[in-house]
1. Just wondering, is there one or more residues in the stretch 148-171 that are in a helix (DSSP H, G or I), over 21 Å from the mean Cα position of the chain (by Cα), surrounded by fewer than 18 Cβ atoms within 10 Å (Cβ to Cβ) and touching a residue at least 24 places away in the same chain (Cβ under 8 Å)?
2. Can you tell me which condition residue 208 does not meet? The list is (1) within 18 Å of residue 4 (Cα to Cα); (2) away from ligand 1 (no atom under 16 Å from the Cβ); (3) in contact (Cβ under 8 Å) with a residue 40 or more places away in the chain, and all the others hold.
3. Residue 207 - would you say it is away from ligand 2 (no atom under 16 Å from the Cβ) and buried (at least 17 other Cβ atoms within 10 Å of the Cβ)?
4. Does the stretch 88-95 include one or more residues that are touching a helix residue (DSSP H, G or I) at 6+ places or on another chain (Cβ under 8 Å), buried (at least 19 other Cβ atoms within 10 Å of the Cβ) and not in a loop (DSSP other than H, G, I, E, B)?
5. Take residue 200 and decide whether it is in contact (Cβ under 8 Å) with a residue 40 or more places away in the chain, within 16 Å of ligand 2 (Cβ to nearest atom) and in contact with a strand residue (DSSP E or B) (Cβ under 6 Å, 6 or more places away or on another chain).
6. With the stretch 245-321 as the region, which strands (runs of 3 or more DSSP E) entirely inside it contain at least 1 residues that are surrounded by fewer than 18 Cβ atoms within 10 Å (Cβ to Cβ)?
7. Condition (residue is over 30 Å from residue 151 (Cα atoms) and within 16 Å of ligand 2 (Cβ to nearest atom)) applied to the stretch 212-230: is it met by at least one residue?
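Where a number appears in this text, it was derived from the coordinates with a stated rule and is not lab data. Note that the structure is predicted; figures quoted are calculated from it, not measured. Glycine also receives a Cβ, built like all others from the backbone with ideal geometry; neighbour counts cover every protein chain displayed.
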Ligand SMILES: Nc1ncnc2c1ncn2[C@@H]1O[C@H](COP(=O)(O)OP(=O)(O)OP(=O)(O)O)[C@@H](O)[C@H]1O
Ligand SMILES: [Mg+2]
């Protein structure tokens, strides 16, 4: 867990880059910092690994003030991926990635195995890419190596400063998927800076929108899109490229009338239908039919985009579909929700009254 308490940063020339910033980032979260250029994202990120020292306030990692951490340990524990690809040009992929493990005095064998494992994880065949220099890799491949390098020594925290902004949309999407998958597989806490709202909404478990050094709103994508704190948030979210590329998680209803706990099965009226039933720990059990629970195949995952989700409705008569992740019923998405959302997005004036 990373906690910012009343953090401010004023540079020596008087620039107030960050002002009274308070935030908690939970273990295992993919946390996105977003905001316009110059709003203080990089400064905030660099304060986490002490590349920049705050002028006021405290930052805690695992409950311990970062000034009490051994600086070397802190840096090793916080992998850092920069916006500009910053691989050492004369070193091979393998050498680039092995720098921190070697400083940590891992043995050759352990380092080598780790490098291979990570390269595989981001889709770079080690036998092909290990011996190449950065100049022999494409931009996207270099960026992947950058991610691998930051992960090599197994840090608990990964700081990523606009890591994909220099890449074409397709490569960018692939890397976003990589990061999502990596994060579910290895459960790192990731702090991810971007100024692209689509990227933020696609990636972030939580999103913190900053402006002029201040935190404007922090919450899930759902909270920001549904309950923007003010006009600035609305405007920033309105900046989307394509509303059909909104993930289902953003507009699903976690407390829908189409969901019920199995404990209530016998007490419920026969409507609404469909009714999706969950058990302990929100485990998805199926759909109600009479007083029985029957299997239900057609569902969507939280990161399904709307454009794809509508096709699922064509396969079924149901007005609402269960949103399921790892067997858990997260919520329900209905045709009506989608239509309402697209209508809101396309007529900002009407959203004032929502
Ligand atoms: N070393 C410095 N000395 C003085 N001012 C600085 C310094 N570094 C950054 N700033 C200023 O602090 C403010 C925040 O900068 P920061 O780099 O954190 O912004 P950012 O949100 O990362 O912007 P971008 O999206 O353009 O990367 C800006 O006004 C910037 O000019
Ligand atoms: Mg920056």
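1. Start the filter on the stretch 148-171 by keeping residues that are in a helix (DSSP H, G or I), which leaves 148-151, 169-171.
Of the ones still in play, those that are also over 21 Å from the mean Cα position of the chain (by Cα) are none.
No, the stretch 148-171 has no match at all.
2. Checking residue 208 against (1) within 18 Å of residue 4 (Cα to Cα); (2) away from ligand 1 (no atom under 16 Å from the Cβ); (3) in contact (Cβ under 8 Å) with a residue 40 or more places away in the chain, the one that fails is (2).
3. On the way: away from ligand 2 (no atom under 16 Å from the Cβ): yes; buried (at least 17 other Cβ atoms within 10 Å of the Cβ): yes.
Yes.
4. For the stretch 88-95, residues touching a helix residue (DSSP H, G or I) at 6+ places or on another chain (Cβ under 8 Å), buried (at least 19 other Cβ atoms within 10 Å of the Cβ) and not in a loop (DSSP other than H, G, I, E, B): present.
5. Details: in contact (Cβ under 8 Å) with a residue 40 or more places away in the chain: yes; within 16 Å of ligand 2 (Cβ to nearest atom): yes; in contact with a strand residue (DSSP E or B) (Cβ under 6 Å, 6 or more places away or on another chain): yes.
Yes; evaluated as a whole, the condition is true for this residue.
6. Details: elements: 259-261, 276-278, 284-289, 292-294.
Result: 259-261, 284-289, 292-294.
7. Yes.
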